[in-house]
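Take a look at the structure set out below.
Where a number appears in this text, it was derived from the coordinates with a stated rule and is not lab data. Remember, it's a predicted structure, so these values are computed and weren't measured experimentally. FYI the Cβ positions are ideal-geometry reconstructions off the backbone, even for glycines, and counts take in every protein chain you see.
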Amino acid sequence: METDLVTAAVARAEEASFAYSCDPGVGRLLAALAAAVPEGGRVLELGTGAGVGLAWLVSGLLPRTDVTVTSVERDPDRAALAARDGWPPFVDLRTGDALDLLGRLGAFDLIFADATGGKHVGLDRTIAALRPRGILLVDDLAPAPGWDDDLIRKQRAVRDALLAHERLVAVELDHASGLVLATAR
């Protein structure tokens, strides 16, 4: 189900030698989850990168236009890279620290937490930003070659926190880069 948006985002990432883009298996899941967002819903991505995950989210929504998708990228150069190609009007690209923005952005039906801010630091703020029955997807939880002990420890802490959180019904998925999918009670 790769679309022109995804193809363009992957090309941007490759051109910029950005190696941390959304895995295609995660992307297809994002598209499926986005397609289920309720009418008038809100989607949040933490960590735009080159826009690959965002492209998957938007691909799952199109041709709908009733949903707002906000994507936050801390690095101004990466934010500019992602913004280079046109996005539908319902996409709101933000440059800034997710932790600074989370409390002001409101509540969301779907959140993809793919950045240090809102995942390793401030996970509680990300969970608080979920609407009741909102979905949270966190990826990159399976150790990968080259990870140092500190990153492995941080990812395990995120995984454990999500699986044990009293507000979430969560499941670990042995899919793509290792995922936890959670629904807010």
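Here the 3J(HN,Hα) profile of segment 143-151, calculated from phi with Karplus coefficients 6.51, -1.76 and 1.60 at θ = phi - 60°, is x, 10, x, x, 5, 8, 4, 5, 5 Hz, Gly and Pro shown as x.
With both residues required to sit in the chain, DSSP beta bridges show an antiparallel share near 35%.
Roughly how far apart, in whole Å, are the Cα centres of segment 69-132 and segment 149-173? Answer, in whole Å: 20. Exposed loop GluC sites (Glu not before Pro) only (DSSP loop, at most 15 other Cβ atoms within 10 Å): please give the longest stretch of the chain free of them, not including the sites. The longest uninterrupted stretch comes out as 40-165.
For Ala80 and Leu151, a Förster radius of 35 Å and the Cβ-Cβ distance give a FRET efficiency of 0.85, rounded to the nearest 0.05. Quick check on segment 36-115: take the gyration tensor over C-alpha atoms, sort the square-rooted eigenvalues as a ≥ b ≥ c, and tell me if it's rounded (a/c under 1.5), prolate or oblate. It is oblate, given that a/c is not under 1.5 and a/b is not larger than b/c. Only helical runs count toward this figure. For the chain, summing -39,500 (n - 2.57) over DSSP H runs of n ≥ 4 and dividing by all residues gives -11500 deg cm²/dmol at 222 nm. Length gained on full extension, Tyr20 to Phe90: 22.7 nm, using 0.36 nm per residue less the C-alpha separation. Label the chain by shape, choosing from rounded, prolate and oblate, from the square roots a ≥ b ≥ c of the eigenvalues of the Cα gyration tensor; if a/c is under 1.5 it is rounded, and otherwise prolate applies when a/b is larger than b/c, oblate when it is not. Rounded shape, in that the Cα axes give a/c under 1.5. Shape of segment 1-86 from its Cα gyration tensor (a ≥ b ≥ c, root eigenvalues): rounded if a/c is under 1.5, otherwise prolate when a/b > b/c, or oblate? Since a/c reaches 1.5 and a/b is larger than b/c, the shape of segment 1-86 is classed as prolate.
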